[in-house]
1. Looking only at helices (runs of 4 or more DSSP H) that lie completely in region 33-114, which have at least 3 residues being touching a Ser or Thr at 6+ places or on another chain (Cβ under 8 Å)?
2. Determine whether region 123-143 contains at least one residue that is touching a helix residue (DSSP H, G or I) at 6+ places or on another chain (Cβ under 7 Å), under 22 Å from Ala67 (Cα atoms) and basic (Lys, Arg).
3. Take the residues in region 116-144 that are surrounded by fewer than 19 Cβ atoms within 10 Å (Cβ to Cβ) and within 15 Å of the chain's Cα centre (by Cα); name whichever of them is farthest from Leu224 (Cα to Cα).
4. Out of region 60-79, which residues are closer than 18 Å to Gln23 by Cα and small (Gly, Ala, Ser)?
5. Quick check on my filter: what residues within region 69-115 are over 12 Å from the mean Cα position of the chain (by Cα), crowded, with 18+ Cβ neighbours inside 10 Å and of a type in the set (D, E, K, R)?
6. Only one of Gly50, Gly108 is of a type in the set (Gly, Ala, Ser) and in contact with a strand residue (DSSP E or B) (Cβ under 8 Å, 6 or more places away or on another chain). Can you tell me which?
Amino acid sequence: MTDPMTTRRLYGRRQGHKLRLGQADLVERLLPEISVPDTGPIDAITLFGGDRPLEVEIGFGAGEHLAGQAGARRETGFIGCEPFLNGVVGALAHVRDDALDNVRLHMGDALDVIERLPDASLSRVYLLHPDPWRKARHAKRRMINHGPLDLIAAKLKPGAEFRLGTDDPTYCRWSMMIMNQRGDFAWTAKVPADFLTRPDDWPETRYERKARRQGREVWYFRYLRV
């Protein structure tokens, strides 16, 4: 059987609509300034010039959640990873408009960045509305698999938090099954309301709003590294 960690292409095409002139300027001018280095070990000092808490968002979409978290806690360093150029452009606009100096971006596979961080260095990891890969034969491509989770667990500090959000019933069931098999994550939910209600410090994304408009439920999972 193929190890899920070897199936590193977890996404499809990397660009949608053509960029407008202002968007192209952001990519040319701002992205190089705040990009995660392509190679070598990375840590808070490498990325931000000093020691600070670090958090990673895997697949940040258009960057609303990433910008909301970064704006609320400017003493924390945020690493956002997104393979799609149009999503990166959205995040760049937030960084510019909100003057966020505590965000670094990687346009590509989040696992390539996470594996270069020191063990037990992350305070929180976010995985919000990942591609569900609904077909059974594509299950190995899901980020919620033991290979990626082993890596995430290694990089989280003891007591640090892993947050997962999804509006896909298949992904919800799959995630609960996989996470319940693990002894290194403790689910914080005590009652159904704990994972049916968005926490106050969880900025809403356009994907959540769209899901609710279309009558779909959204689930919010919070796990602690043990």
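1. On the way: elements: 44-48, 64-72, 85-97, 110-114.
Output list reads 64-72.
2. no
3. Of everything passing the filter in region 116-144, Asp131 is farthest from Leu224 (Cα to Cα).
4. From region 60-79, those closer than 18 Å to Gln23 by Cα are 60-64, 67; that's our starting set.
Selection gives Gly61, Ala62, Gly63, Ala67.
5. Scanning region 69-115 gives a single hit, Arg104.
6. Going through Gly50, Gly108 in turn, just one is of a type in the set (Gly, Ala, Ser) and in contact with a strand residue (DSSP E or B) (Cβ under 8 Å, 6 or more places away or on another chain): Gly108.
Every number here is computed from the coordinates shown, using simple stated rules; none is lab data. The structure presented is a predicted model; accordingly, all values stated were derived computationally and were not measured. Quick reminder, even Gly has a Cβ in these numbers, built from the backbone with ideal geometry, and neighbours come from all protein chains shown.
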